[in-house]
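Report on one structure; see the data block that follows.
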Amino acid sequence: MPNTERLLLIIEDDDAFARTLGRSFERRGYKVLLAPGLDEAQELLKDHHPGYAVVDLKLKGNSSGLACVQMLHAHDPDMLIVVLTGFASIGTAVEAIKLGASQYLAKPSNTDDIEAAFGHVAGNTELELTNRSTSIKTLEWERIHEVLAETDFNISEAARRLGMHRRTLARKLEKQRVK
């Protein structure tokens, strides 16, 4: 790995998950800094120079995981940044990579997955392409997640933008709940 100090910044607003992930990385020899959002991360970067970052895509308040990726990449273009999200979509994956993320992982992902993503920053031309086209259900699900993120997870507003009844959207979300 390129950074010998192995300083890792975790930007995650779920305190329990951030602490658990941080402890797991500390057991692997990383020094870990935790920030719940963009402003706190910027403060930490005044005194620290991490070589690695894990960024949650959906943060509370006005913080955006994509804005965090952009800020981290501007601070240090060589930083290895992994975006972690429970609301994965092709659109956010593309934007995260454009803004400077090295990898994009869907939750649930563990420390092994994240550390492997830090080590896998180059593209892979040997990746097997599938002949299967994306299903309508997958496209619908990605669009629902995209609109939910745009509306800050306001189900009524998302349903209006999607042109469906609020209860219909709520039922769809209940059926797709990740266990």
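Each value in this text was obtained by applying a stated rule to the coordinates, not by laboratory testing. Please read all numbers here as calculations on a predicted model, not as lab measurements. Cβ: placed from backbone, ideal geometry, glycine included. Neighbour counts: every protein chain shown.
Quick notes on this one:
- Per the Kirkwood formula applied to alpha carbons, region 1-70 shows a radius of gyration over Rh ratio, Rg over Rh, of 0.95.
- Rounded to 5, the percent of DSSP beta bridges in the chain classed as antiparallel: 5
- 222 nm mean residue ellipticity, helices alone, for the chain (DSSP H n ≥ 4; -39,500 (n - 2.57); rounded to 500): -14500 deg cm²/dmol
- Unit charges on C-beta of K, R, D, E only; dipole of region 136-175, Debye: 300
- In degrees, nearest ten, helix 136-150 long axis to first principal axis of the chain (Cα): 70
- Spin-label model distance (nm) - residue 140 vs residue 166, 7 Å beyond Cα toward Cβ: 2.2
- Farthest toward the positive end of the dipole of the chain, out of 72, 173, 120, is the Cα of 173, where the dipole comes from beta carbon charges about the Cα centre.
- Euclidean distance between Cα centres, region 5-22 to region 62-86, Å: 14
- Across 137/175; 60/98; 31/107; 60/175; 137/172, pairs whose alpha-carbon gap is larger than 19 Å: 60/98; 31/107; 60/175
- 3J(HN,Hα) from dihedral phi, region 154-162, Karplus parametrisation 6.51/-1.76/1.60, rounded to Hz, x for glycine, proline: 8, 5, 4, 5, 4, 4, 4, 5, 7
- Backbone N atoms of region 143-168 closer than 16 Å to the 7 Å Cα→Cβ label point of residue 174 belong to residues 155-156, 165-168.
- Extension gain (nm, one decimal) between residue 19 and residue 90, 0.36 nm per residue minus Cα-Cα: 22.7 nm
- Extreme residue, positive dipole direction of region 136-175, given options 164, 144, 154 (C-beta unit charges): 164
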